[in-house]
Structures are given as C-alpha cells and as structure tokens.
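What follows is one structure encoded as structure tokens, with my remarks underneath.
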Amino acid sequence: MPLELTLILLIFTIQWLAFIPAWLLKTESFYDLVGSLTYTLVILIALLFTDYSHWRSLLLTLLIVIWSLRLGMFLFLRIRAAGGDSRFEQIKVAPKRFFIAWTLQAVWITFTLSAAILAITAPQTAGVSFISVLGFVFWILGFSMEVVADQQKRRFRKNPDNANQFINTGLWSFCRHPNYTGEIMLWIGVALIALPVLDGWRLLGLLSPIFVALLLIKGSGIPLLERAAEKKWGNSEDYQRYKASTPRLFPGY
C-alpha cells in the first residue's frame with residue numbers, strides 16, 4: 001500500500017478510535033488535542049518512512065510540528081478554562097453527529113497536510129528557490145500573526161473590565177479575524193515550500209491552502225463567529241461601526 005494512502009487511513013483511524021471514549025464520556029475536551037497530535041504523528045511517520053528525506057522534508061516537518069503542538073495545546077487549555085466548547089453542546093450527545101464531527105476532523109487533517117505529505121514522499125528533490133524562501137516567509141508571518149492574535153484575545157478575555165465586550169485592539173483593529181488570516185497565510189507558505197517537488201498528480205497538494213481558506217471563510221470558521229457576534233453585540237453601535245470599518249481578513253475583504 002502506498003505510504004500516502006497508509007497515512008490517510010491512519011488519520012481517520014485515530015479520529016474514529018478517539019471518538020469512542022469521547023462519546024462514552026460525552027466530552028469534547030480532547031477533540032482539538034487529538035487533532036494536534038495526529039498532525040504531529042502523521043508528519044513524523046511520513047518523514048521516517050520515506051527514503052528521500054532532504055532539507056525540504058525536514059523543514060516541512062518542523063514547521064508543522066511547531067504549529068500543531070502550539071495550536072493544539074492552546075485550544076485544549078482554552079476549552080479546559082472555559083469548561084467546554086459551545087460548538088459541541090448539541091453534538092456530543094448525538095452519536096451520529098458527534099461521529100461526523102470526528103470524521104470531519106480527519107478530512108480537515110488530510111487536506112491540510114496533503115501538500116506537505118506529497119512533498120515529503122516525492123521521489124525528486126530540488127534546491128533552495130525563490131518560491132521556497134517566499135513560502136517560508138509566508139509561514140513565519142502567518143504563524144506569528146496567529147500566535148499574537150490568540151494571545152491578544154486571551155489577555156483581553158482575562159481582564160474582568162472587558163466582560164461582554166468585543167476585542168478591537170492590537171491585530172484585531174486591522175481585521176476581525178487576524179488568527180484566521182495567519183492560519184491561511186501559513187498554509188499558503190507550506191504549499192509554496194512544497195511546490196518545487198510537486199508534479200503530476202502530486203500537484204493536488206496545492207488544494208491544501210484553498211481548502212483551508214474556503215472552510216474558514218465559508219464553512220465552520222468566520223460564518224459561525226460572525227453570527228455569534230451579531231447575536232451578542234448586534235445592537236451595539238460600537239460593534240456595528242467596528243464591523244463596517246474593519247475587514248474580515250485583509251484589506252478589501
């Protein structure tokens with residue numbers, strides 16, 4: 001069986017196995033953490049089981065491990081502090097819907113990792129190029145933006161003076177979802193780093209950042225947050241001014 005297919009099966013198997021105790025305990029507390037550890041495990045296996053390891057493979061592995069462990073731990077601790085994740089209140093008590101949620105996480109991981117996995121398992125190599133350097137710059141900027149945005153929002157929420165208020169300072173004064181802007185940028189970076197060794201069917205890996213952007217913009221990211229914000233602050237003139245004057249992700253959008 002090709003390594004790429006084995007890794008996809010592993011991704012789904014991990015999520016389905018994790019669903020069992022999550023359903024029995026009726027908890028979503030380790031949903032994000034399992035996803036994070038799956039990224040780390042799968043990318044390390046891809047690196048260790050290929051015969052073509054080179055600097056690009058090592059770099060992609062390092063970047064994804066750093067991103068996945070940081071984000072996974074951040075989300076895990078946030079859910080623990082909040083006592084749960086409101087997205088799962090209705091889902092975790094319905095086995096079919098909860099199973100679908102875990103399956104969708106497997107789909108998310110598969111698509112987002114596709115460019116990196118296909119580059120790591122590619123038989124050809126390539127030297128450092130402008131595209132590779134540009135990709136690394138994109139990843140650094142995106143990762144930094146995501147980390148800073150998350151920390152700014154965490155500190156904002158910890159301040160009792162900001163109870164029931166929306167954040168519009170720091171990076172959040174430039175766009176309404178800077179953490180998602182960073183997320184999209186870093187996956188574009190991964191795809192650009194991978195690009196020089198992708199050819200033929202492996203070019204499908206370039207769908208990775210497109211999938212991330214579409215899901216965050218049209219799926220379970222921005223639309224859910226915007227509806228929740230409108231429900232909470234829709235009658236606030238300050239929020240409506242902020243919404244009207246601040247783009248969602250970047251200037252013009």
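Just so it is clear, none of the values below were taken in a lab; they were calculated from the coordinates. Just so you know, these numbers come straight off a predicted model, no measurement behind them. Glycine also receives a Cβ, built like all others from the backbone with ideal geometry; neighbour counts cover every protein chain displayed.
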**Asked** Where does each of Met145, Met1 land when they are ranked from fewest to most other beta-carbon atoms within 10 angstrom?
**Response** Met1, Met145
**Request:** Just need the relative contact order of the chain here, percent rounded to a whole number, with Cα pairs under 8 Å and 6+ apart.
**Result:** 22 percent
**Request:** Using only alpha carbon pairs under 8 Å that are at least six residues apart, calculate the relative contact order of the stretch 127-253 and give it in whole percent.
**Result:** 34 percent
**Asked** What net charge do the residues around Ala126 carry, taking every other residue with its C-beta under 13 Å from that of Ala126, with Lys and Arg at +1 and Asp and Glu at -1?
**Response** +1
**Item:** Proxy reagent accessibility, fewest Cβ within 10 Å first, across His54, His177
**Value:** His54, His177
**Asked** Non-local amide H neighbours of Arg176 (under 5 Å, H modeled in plane, Pro and chain starts lacking H): which ones?
**Response** Arg248, Leu249
**Asked** Fully extended, how many nm does the chain gain between Ala229 and Leu77 (0.36 nm per residue separation, minus their Cα-Cα distance)?
**Response** 52.5 nm
**Prompt:** In a shell of Cβ-Cβ distance under 10 Å around Trp67, excluding Trp67 itself, what net charge do Lys and Arg (+1) and Asp and Glu (-1) give?
**Reply:** -1
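If we count every other residue with Cβ under 15 angstrom of Val197's Cβ, Lys/Arg +1 and Asp/Glu -1, where does the sum land?
Value of the local net charge: -1.
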**Complete:** From fewest to most C-beta neighbours within 10 Å, the residues Trp23, Trp139, Trp172 line up as Trp23, Trp172, Trp139
**For the stretch 1-125: rounded, prolate or oblate by the Cα gyration tensor [a/c cutoff 1.5]** = prolate
**Number of Lys pairs (Cα under 26 Å; 8 or more positions apart or on different chains) in the chain** = 18
**Asked** Which whole DSSP H helices in the chain pass both tests: a Cα extent of 20 Å or more along the axis and a mean Kyte-Doolittle value no lower than 0.0?
**Response** 3-25, 31-48, 55-82, 95-120, 130-158, 178-194
**Fill in**
Here the gain from full extension of Leu9 to Val107, 0.36 nm per residue of separation minus their alpha-carbon distance, amounts to 34.2 nm
